[in-house]
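Data first, discussion second: the structure below is written as structure tokens.
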Amino acid sequence: MLLTEAQGKDLLRAHGIAVPDGLLIRKAEHITRWRGAFPVAVKAQVASGGRGKVGGVLRANSAAEAEAAAKRLFSLNFSGEAPRALLIEPWIAHKREMYLAITIDVTAGGYVVLYAPKGGVEVENNVPLQYAFGSPRAFRAPASAIAAAAPRARAAGAGHGLRRLYRRPVPRCDCSRSLAEPAGLAPALPSRCF
């Protein structure tokens, strides 16, 4: 099962991991329900990847711009998939993006952590470092494991996010899901935000 960004962030939020406050809308005119400040990111919610590169994430500096962006995004298809919802979030000026994921790999006998020191729309061009740890019982000290593979990860907070990501959502959710979310360090949010 693939998760949209909003579904992934709901799962993270439910388990105490900081994510930006957002609003999920199903019609362009529902943008009036946004009570936050502008600018905002208006993001098409589709399961396919690469939406940022093809115009699936738009910046809006006002309510009028956000409604126009919403109308545009609802009219598009992304890899043959039309968005049924849009996620509205504050536009965050982040210091840097990284990639962190936990997935299931049958060849590793269970869970695999993927980490790349750079994220963003070109994340697939960065080969992530892999740490296969198999069953949940084999999961030990992920911060040090990631730090050993990528020395900057500990300073960037990846180990902390990984511990929270693994200990909370993964054991309690349908393990056929893959939860991957770009992680960013944002000055306006708690120290780590996924």
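The values are calculated or read from the model by the stated rules, or taken from the named source; none is laboratory data. Everything numeric in this text was worked out from a predicted model, so none of it was measured. A quick note on method: Cβ atoms are made from the backbone with ideal geometry, for glycine too, and the neighbour counts reach across all protein chains shown. The accessibility values were calculated without ligands, DNA or RNA, using every heavy atom of the protein model including side chains. Shrake-Rupley method; radii C 1.70, N 1.55, O 1.52, S 1.80 Å.
What is the gain in length, in nm to one decimal, between ARG26 and PHE38 on full extension, counting 0.36 nm per residue of separation less the C-alpha to C-alpha distance?
2.3 nm
How large is the convex hull of the Cα atoms of the range 1-106 per residue, expressed in Å³ as a whole number?
Values: hull volume 13.3 nm³, N = 106.
Hull volume normalised by residue count: 126 Å³.
In sequence order, what are the phi-derived ³J(HN,Hα) couplings for the range 9-18 according to the Karplus relation 6.51 cos²θ - 1.76 cosθ + 1.60 with θ = phi - 60°, rounded to whole Hz, with x for glycine and proline?
Per-residue couplings from phi come out as 5, 4, 5, 4, 4, 5, 10, x, 9, 5 Hz.
Sequence neighbours fewer than 8 away in the same chain don't count; with that in mind, list the lysines whose C-alpha is under 29 Å from LYS118.
Correct list for LYS118: LYS9, LYS43, LYS53, LYS95.
Could you check the simple spin-label distance between LYS71 and VAL106, using points 7 Å along Cα→Cβ, in nm with one decimal?
4.8 nm
Return the carbon/sulfur percentage of the accessible area of the range 1-100, one whole number, probe 1.4 Å, all protein chains in place. It would help to have the intermediate numbers written out before the result.
Working: 2680 of 5230 Å².
Ligands and nucleic acids excluded, carbon and sulfur reach 51 percent.
Could you calculate the contour length gain from SER62 to SER79, that is, 0.36 nm times the residue separation minus the distance between their Cα atoms, to one decimal place in nm?
On the way: separation 17, 0.36 × 17 = 6.12 nm, distance 2.87 nm.
Extending this stretch completely gives an extra 3.3 nm.
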